[in-house]
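Here the structure comes first, spelled out in structure tokens, and everything after it is commentary.
Any read-out appearing in this document is the output of simple, stated calculations on the displayed coordinates, not a laboratory observation. Keep in mind that this is a model prediction, so the values were computed, not measured. A quick note on method: Cβ atoms are made from the backbone with ideal geometry, for glycine too, and the neighbour counts reach across all protein chains shown.
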Amino acid sequence: MRDVKATAELWGISTTRVARLCRDGKIAGAVKEGKSWLIPEGAVKPADGRMRGAREAGLSDDEKRLPLPIGISEYRLASTQYYYIDKTMLIKEFLDERPMVSLYTRPRRFGKTLNMDMIRTFFEKTEEDTSVLFQDKLIWGCGEEYQAYQGKYPVIFVSFKDIKFNTWDQTFEMLKAVIGNEFVRHGELETSEHCSDADREYYREVAGGKADAVALSRAFDVLSRMLCKHHGVEAIIIIDEYDIPIQQGHTHEFYDEVIDFMRNLFSGGLKDNKYLAYGFLTGILRVAKESIFSGLNNLVIHSVIDDKYSRYFGFTRDEVERMAAYYRAEDKLDELAEWYDGYRFGETEIFNPWSVINYFSIGCKPRAFWQATGSNEIISEVIAGADEDIYERLERLLQGEKFTTLIDTGVIYPQIQNNPSTIYSFLLVAGYLKAENVDISSSGDFMGEVSLPNREIKAVYNKEILQKLDGIVSQSSAVSIQEAVYANDVPRLQKSLEKLLLQSASSFDTAGEMFFHGLFLGICALFDDRYYLTSNRESGEGRFDIQLMPKDDSRPGILIELKAEKYLSDAQMEGLAESALKQINDRKYDTEMKTRGIKTIIKYGVAFSGRKVKIVQ
């Protein structure tokens with residue numbers, strides 16, 4: 001019997017593909033032992049399925065493929081002119097329950113805006129027959145019961161995803177423009193005889209950009225009333241990325257102003273509004289604790305912890321496999337999973353859709369695409385306020401470990417400063433962590449194991465950590481060390497490490513014990529996936545050991561012993577550094593490396609005293 005890896009190499013396909021063929025019963029005699037599959041030696045490779053996705057689309061091997069929908073958030077365009085993954089069953093799940101107001105919280109770039117535009121296009125009453133955009137989709141096959149809702153309602157649709165300004169005045173001007181444009185889109189209301197003179201006058205005020213904050217806070221309330229009066233049916237309100245202005249308010253210190261405005265704006269449209277058919281919102285965070293919807297008892301929240309709707313934001317494994325087959329890249333599935341898989345929404349395994357699309361678009365070359373799509377200030381804020389426990393947990397995350405923590409999906413921005421226990425909840429809902437084995441207690445709190453989802457997110461952490469720890473790990477030292485590690489240049493690596501330690505002395509003097517944690521966290525980020533890092537701390541400033549075990553035996557191993565004492569002379573520092581190096585040798589810290597066959601081992605004894613540092617090797 002052969003294992004999956006050996007079979008994949010023999011047949012020239014990915015291990016993921018072999019395992020899937022086993023699960024699908026397409027390899028005769030394959031048996032599962034524990035979590036692994038075993039394949040008979042004489043097993044025959046099934047017919048090549050690499051073009052399955054293309055054949056399902058009726059394409060020949062040399063026929064042109066549909067372009068990838070990079071940055072396309074309009075359903076009409078995405079579903080007719082680009083490769084589109086059908087998410088229309090989200091509509092069926094909604095109609096089966098029909099809550100008055102639904103909130104979907106997901107990280108940025110996970111398809112929220114496209115899904116909301118899909119909902120708008122499906123429900124919106126227009127002169128055009130938009131049913132043609134759904135007749136070849138899954139929702140249409142569900143029958144007349146669901147088809148009857150298509151094109152039935154007037155819709156208010158606003159997206160706050162681009163409202164990213166540094167002051168409240170700028171933010172309000174953009175809110176006024178976005179809401180005003182939606183009024184203009186419903187131009188039939190300006191002269192509608194079904195609406196009152198007062199409402200028509202209000203319409204002209206908002207559409208003309210003349211409303212102040214108090215007047216504009218009534219916008220959803222008045223517009224839904226006018227639409228219902230004009231069309232004879234209640235309106236649907238869709239608010240996409242509702243919390244982007246709130247995040248900006250938190251970061252740039254106008255949080256109270258934006259919360260006060262949003263509370264009045266949303267409550268007017270979504271609370272006790274008899275002209276509302278349904279409401280939909282998306283964002284990164286929940287809204288319950290923001291008091292934006294105080295007293296709203298018909299809000300149903302679907303967070304990253306919940307299983308319902310879990311497959312509609314982001315790509316499932318099956319969807320990625322079909323996409324890889326369509327673009328003739330099925331052999332890249334393992335790499336795709338390593339870089340962009342790992343998210344878990346409810347019980348569903350999810351790939352980052354933005355990164356998967358960009359990966360295919362540049363010829364299947366892995367990069368950290370997601371980090372360039374928005375601000376990673378949450379990580380920076382976490383590091384800026386980190387205590388010893390946070391530093392240690394960040395170190396564990398960077399080394400591929402997991403830990404158990406409280407998960408509060410109702411966390412709000414100010415809590416990140418006032419309550420350190422909410423940090424990991426922020427990182428989870430924002431897409432920087434994944435949660436597994438989540439349980440709910442009798443009090444309603446969640447507990448679960450969190451870890452980094454994939455290599456892409458680790459790259460984001462590395463970049464943000466090094467930027468935030470610039471006082472301890474300078475950019476020049478970081479670049480020099482990473483280049484030396486990449487080139488396996490031992491002399492340059494030695495020189496760069498010495499430079500790093502020398503430059504770090506001033507940080508030690510001002511940061512004290514926390515310097516050690518910052519230095520180790522920086523080293524974790526610097527050496528990325530090429531080394532296993534371990535440390536052995538003692539309390540106070542007495543000792544701090546760092547071991548870097550190379551994953552590739554051709555690279556050098558690194559052992560660093562740091563000691564610190566106050567008010568030492570140069571001679572005393574020399575002696576302390578020598579004792580640190582002697583400790584490495586006397587306690588045979590290099591035994592594990594030698595056993596592993598590491599031929600080159602770099603050893604440093606380092607002494608700190610105030611702003612002075614002495615290094616021996």
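With the radius of gyration and the Kirkwood radius both derived from the Cα set of the range 191-308, what is their ratio Rg to Rh?
1.00
Compute the Rg to Rh ratio over the range 247-366 from the alpha carbon atoms, using the Kirkwood formula for Rh, and round to two decimal places.
Computed over Cα atoms, the ratio is 1.12.
Tell me, what is the percent relative contact order of the chain, built from C-alpha pairs under 8 Å that lie six or more residues apart?
Here the relative contact order equals 11 percent.
Using a 10 Å cut-off on Cβ atoms, rank the peptides 153-161, 574-582 from the highest mean neighbour count down.
153-161, 574-582
Given charges of +1 on the Cβ of Lys and Arg and -1 on the Cβ of Asp and Glu, with all other atoms neutral, how large is the dipole of the chain about its Cα centre, in debye to the nearest 20?
Charge dipole of the chain: 1640 debye, to the nearest 20.
Looking at the chain, what % of its DSSP beta bridges pair antiparallel, to the nearest 5?
Here the share of antiparallel DSSP bridges comes out near 55 percent.
Magnitude of the Cβ-charge dipole of the range 558-617, K/R +1 and D/E -1, about the Cα centre, nearest 20 debye?
Dipole magnitude for the range 558-617 comes out near 180 debye.
If I stretch the segment between Q475 and K45 completely, what's the gain in nm (0.36 nm per residue apart, minus their alpha carbon distance), one decimal?
The span from Q475 to K45 would gain 149.7 nm if fully extended.
Kindly give Rg over Rh for the range 63-117, based on alpha-carbon atoms, with the Kirkwood expression for the hydrodynamic radius.
1.04
Relative to 2.2 N^0.38 Å, what does the C-alpha radius of gyration of the range 469-616 come to as a ratio? Two decimals please.
Output field value: 0.98.
With just the Cα atoms defining each centre, how far is the range 539-602 from the range 193-245? Give it in Å.
68
Summarise the long-distance tail of P(r) for the range 85-302 by giving the % of C-alpha pairs beyond 24 Å.
42
Quick check on the chain: what are the equivalent-ellipsoid semi-axes from the Cα gyration tensor, as sqrt(5λ), descending, whole Å?
50, 34, 19
Using Cα-only point scatterers and the Debye equation, what is log10 of I(q)/I(0) for the range 344-403 at each q in 0.13, 0.21, 0.24, 0.30 Å⁻¹, rounded to two decimals?
Log-scaled intensity ratios, in q order: -0.56, -1.03, -1.04, -1.08.
Tell me, what is the percent relative contact order of the range 469-616, built from C-alpha pairs under 8 Å that lie six or more residues apart?
23
Can you order the peptides 91-102, 449-460 by their average number of other Cβ atoms within 10 Å per residue, highest first?
Packing order, densest peptide first, comes out as 449-460, 91-102.
Hey, what number do you get for the chain at 222 nm if only DSSP H runs of n ≥ 4 count, each worth -39500 (n - 2.57), divided across all residues, to the nearest 500?
Result for the chain, helices only: -12500 deg cm²/dmol.
Report the one residue of G522, I472, Y486 whose Cα lies farthest in the direction of the positive end of the charge dipole of the range 469-616 (charges on C-beta: Lys and Arg +1, Asp and Glu -1; origin at the Cα centre).
With unit charges placed on the Cβ atoms, the residue in question is Y486.
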